[in-house]
Amino acid sequence: MTTYQYDLFVIGAGSGGVRAARVSAQYGARVAIAEEDNFGGTCVLRGCIPKKLFVYASAFAEEFEDARGFGWTVGDTHFDWPTLVANKDTDIARISRVYRRLLAENNVTIFEERAVLKDAHTIYLKKSGQEVTAETILIATGGYPSRESELPGYELCITSNEAFHLKKFPDRIVIAGGGYIALEFAHIFHGLGADVTLIYRGPKVLRGFDDDLRDALQHSMEKKGIRLALDTVLTRVERSDGCLRATTFAGEHIDVDQVMLAIGRRPNISGIGLETLGVKTRKSGHIEVDRYSRTSVSNIYAIGDVTGRLDLTPVAIHEAMCLAKTLYGDEPTAPDHELVATAVFTRPEIGTVGLSEEKALKRGHTIDIYKTSFKPLKHTLSGRDERSLMKLVVDAETDRVLGCHIFSAEAGEMAQLVAIALKMGATKAQFDATVAVHPTMAEELVTIRTKSATRSPGEPK
Ligand SMILES: Cc1cc2nc3c(=O)[nH]c(=O)nc-3n(C[C@H](O)[C@H](O)[C@H](O)COP(=O)(O)OP(=O)(O)OC[C@H]3O[C@@H](n4cnc5c(N)ncnc54)[C@H](O)[C@@H]3O)c2cc1C
């Protein structure tokens, strides 16, 4: 019988890789991991965590304004971008060290270098030139932002990667894209004082989200003064008089300090030896896997963004936990991608779980819609012209709540809790039987009694 140096070799120490390595080692497997950058991956270094810190920073401007209605006099305020970036970097370095330490404490062998596959059981480590062998290999190499190299001047643009490290705050910025990263950065830069234009090729941002949420967000952005240029694309970016000139297909020229491309992400698959081994990928480049995250090569597995199932940190972690259980816990467990709650950290936030009205109809459900739009209590005194929206999509036959969509402060926190109820198959009657917490915004979710509409598949709106 062949003996390998390791039971499991993980390539990539991001959200998925670190969890898979750590939990597999806890099951008793001999595990090694390779990381070519700092530990923690996209989420820690250039994703969720630094983004949320920037979101917190950007919220203060409105808080200062809102304070007036409550009797506060806020003195002169000043925002210093280099301080935010430096403080964020200090905390990110701390979290990255914690990730590394957790691996070491669980006896995972660490290689701080790029790993490529030589054959199905041999990993070549580029910096040290070592070769190591493993019975099972896990690819958890994540993704990177697309750059659209056919756009003239794309090399002058930044992506979310660079947005976290800009030396100078951009007073004027164009952001291209309509997904959650584009929208979150539009709110971050706007909240910190920039003049923001969002350019998106479609008529409505956040494709795939419930239409009412998309409309509410767009309306709110316009009211705040975030300019939306919809149904158009960037056709050129060039230097012009000390700034950048972004030109759209509609013929508009916008002079700005930065142009950010947030037009999607690609899987990190090139140069790691997948082609020679015959690991199958989809047209999008994502690695093809079965329900247990196994690739077309039987001892090679893949999890997280590189598989493109649902590009979220908790999903990569969930896939990792299931894989460790399957491989070393003697309990084959397929990850469950249904009813994953998610947030978009705009201001107000979006929190959502389950089927949108449009998806529920597409799946053949006849649905009852319950929704409410209201001015939050806080804004009766702050005077802010902001409304919240809560919406439940209910299966008309079974009364089961299929989807919950929230546009309000702390919507992400609410969606997390509602997700438990939806995962348990809660019905609208059970929502109604739940006594409210008062005064909160979430109480609306258990007090909406009036049906706004009943819709059947194929029926016009
Ligand atoms: C701006 C932004 C904001 C986001 N916000 C959120 C959010 O709010 N909530 C949320 O859930 N998700 C968010 N995400 C998504 C989330 O970050 C990813 O889904 C998650 O990090 C995926 O984890 P992963 O393990 O698949 O890959 P990653 O975390 O990307 O890790 C992959 C690792 O592999 C390493 N690597 C690649 N190739 C090699 C190699 N050959 N050898 C050695 N190492 C290699 C990379 O350096 C990297 O560290 C955000 C992403 C971005 C970009």
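The values are calculated or read from the model by the stated rules, or taken from the named source; none is laboratory data. Just so it is clear, the model here is predicted, and its values are computed rather than measured. Glycine gets a Cβ as well: all are built from the backbone with ideal geometry, and neighbour counts include every protein chain shown.
Within segment 137-165, being part of a loop (DSSP other than H, G, I, E, B), closer than 21 Å to Phe39 by Cα and of a type in the set (A, V, I, L, M, F, W, C) holds for Ala140, Phe164.
Of the residues contained in segment 110-129, one or more are found to be surrounded by fewer than 22 Cβ atoms within 10 Å (Cβ to Cβ), among the aliphatic types (A, V, I, L, M) and more than 13 Å from the ligand (Cβ to nearest atom).
For segment 66-75, the count of residues that are near the ligand (Cβ under 7 Å from one of its atoms) and either at pLDDT 95 or above or in a loop (DSSP other than H, G, I, E, B) (or both) is zero. Filtered by the rule that a residue be polar (S, T, N, Q) and within 14 Å of the ligand (Cβ to nearest atom), segment 137-163 gives Thr141, Ser146, Thr159, Ser160, Asn161. The set of residues from segment 265-286 being surrounded by 17 or more Cβ atoms within 10 Å (Cβ to Cβ) and β-branched (Val, Ile, Thr) comprises Ile269, Ile272, Val279, Thr281. For segment 10-24, filtered to residues that are touching a strand residue (DSSP E or B) at 6+ places or on another chain (Cβ under 7 Å) and in a helix (DSSP H, G or I), the residue that is farthest from the ligand (Cβ to nearest atom) is Ser24.
The set of residues in segment 1-12 that are out of contact with any Lys or Arg (no Cβ under 8 Å at 6 or more places or on another chain) and modelled with pLDDT of 95 or more comprises Tyr4, Phe9, Val10, Ile11, Gly12. A residue that is surrounded by 15 or more Cβ atoms within 10 Å (Cβ to Cβ), in contact with a helix residue (DSSP H, G or I) (Cβ under 8 Å, 6 or more places away or on another chain) and more than 24 Å from His405 (Cα to Cα) can be found somewhere in segment 195-215. With respect to the conditions (1) away from the ligand (no atom under 16 Å from the Cβ); (2) farther than 22 Å from Gly14 by Cβ; (3) assigned to a helix (DSSP H, G or I), Ala59 falls short on a single one, namely (1). The requirement of being within 30 Å of Thr235 (Cα to Cα), of a type outside the set (D, E, K, R) and part of a loop (DSSP other than H, G, I, E, B) is not satisfied by Ser128. Looking only at residues of segment 392-422 that are within 18 Å of the chain's Cα centre (by Cα) and acidic (Asp, Glu), we find that the one that is surrounded by the most Cβ atoms within 10 Å (Cβ to Cβ) is Glu410. The requirement of being touching a residue at least 40 places away in the same chain (Cβ under 8 Å), more than 13 Å from the ligand (Cβ to nearest atom), farther than 18 Å from Thr42 by Cα and outside any loop (DSSP other than H, G, I, E, B) is satisfied by Ala134.
Mind checking whether some residue in segment 278-287 is out of contact with any helix residue (DSSP H, G or I) (no Cβ under 8 Å at 6 or more places or on another chain), on the phi < 0 side of the Ramachandran plot and not in a loop (DSSP other than H, G, I, E, B)? Checked segment 278-287: no residue is out of contact with any helix residue (DSSP H, G or I) (no Cβ under 8 Å at 6 or more places or on another chain), on the phi < 0 side of the Ramachandran plot and not in a loop (DSSP other than H, G, I, E, B).
Cβ-Cβ contacts under 6 Å between residues 6 or more apart (or on different chains), taken from a first residue in segment 272-298 that is more than 23 Å from Pro145 (Cα to Cα) to a second residue that is loosely packed, with under 15 Cβ neighbours inside 10 Å, are listed as Arg291/Ala334; Tyr292/Ala334; Ser296/Lys280. In the set (1) touching a His at 6+ places or on another chain (Cβ under 6 Å); (2) at pLDDT below 95, the condition left unmet by Asp395 is number (2).
Cβ-Cβ distances below 8 Å connect the following pairs, each with a first residue in segment 141-162 that is farther than 16 Å from Val233 by Cα, a second residue that is in a loop (DSSP other than H, G, I, E, B) and of a type in the set (Asp, Glu), and a separation of six or more residues or different chains: Gly143/Asp311. Scanning segment 25-49 for residues that are buried (at least 23 other Cβ atoms within 10 Å of the Cβ) and either on the phi > 0 side of the Ramachandran plot or more than 7 Å from the ligand (Cβ to nearest atom) (or both) yields a count of 8. Restricting attention to segment 304-341, the residues being surrounded by fewer than 21 Cβ atoms within 10 Å (Cβ to Cβ), under 18 Å from Ala21 (Cα atoms) and more than 13 Å from the ligand (Cβ to nearest atom) number 9.
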